[in-house]
1. Can you tell me which residues in the range 97-108 are farther than 14 Å from Met69 by Cβ and open to solvent by 50 Å² or more (accessible area, probe 1.4 Å)?
2. Within the range 1-35, can you find the residues that are modelled with pLDDT of 80 or more, within 18 Å of Ala116 (Cα to Cα) and open to solvent by 40 Å² or more (accessible area, probe 1.4 Å)?
3. If we scan the range 69-84, do we find a residue that is surrounded by fewer than 19 Cβ atoms within 10 Å (Cβ to Cβ), in contact with a helix residue (DSSP H, G or I) (Cβ under 8 Å, 6 or more places away or on another chain) and not in a helix (DSSP H, G or I)?
4. What about Met38, is it closer than 22 Å to Gln14 by Cα and open to solvent by 70 Å² or more (accessible area, probe 1.4 Å)?
5. Quick check on Gln57: is it surrounded by fewer than 18 Cβ atoms within 10 Å (Cβ to Cβ), of a type in the set (S, T, N, Q) and either under 17 Å from Gln105 (Cβ atoms) or in contact with a Ser or Thr (Cβ under 9 Å, 6 or more places away or on another chain) (or both)?
Amino acid sequence: MNTRNIDNLGLVKQIWNREAAINRLGGNEGLLNRIVEMFLAQITQKQQALQKAVNDQDIEGVRFTSHSMKGVSGDVGADAIREKASSIENKAKRDDLTEIAQDMQELDSLIEQTIAVMQS
């Protein structure tokens, strides 16, 4: 296996840690598939709600929505989204949204990548 393949596999694992998710579910692939379907149905709604909270400068809405996004992402093994949502939540807890535009761009990209990996 060459370095490019290793790097690509590492990125996919960071985006969606499918193995860890399936292990948490006792190896039940059918259950994982149902949870992934629910995640895919919810994540864009949460993304839109978070963007609305950011646009409205609603710091409590940012905190609450990013916390919720962190939870559903963790359930399905979407580690990169979970980590970014956690970072946004922690900044909102400190009333620090100075980098929120950059954070949202990164989160949007991670969501797009995660959806693509999960649907492939």
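The values are calculated or read from the model by the stated rules, or taken from the named source; none is laboratory data. These figures come from a predicted structure and were not determined experimentally. Using ideal geometry, Cβ is built from the backbone for each residue, glycine included, and neighbour counts are taken over all protein chains shown. With ligands, DNA and RNA removed, areas are computed over all heavy atoms of the protein, side chains included. Shrake-Rupley method; radii C 1.70, N 1.55, O 1.52, S 1.80 Å.
1. The answer is Thr98, Glu99, Ala101, Gln102, Gln105.
2. Scanning the range 1-35 gives Gln14, Arg18, Glu19, Asn33, Arg34.
3. no
4. Criteria met by Met38.
5. When the stated conditions are applied, Gln57 does not pass them.
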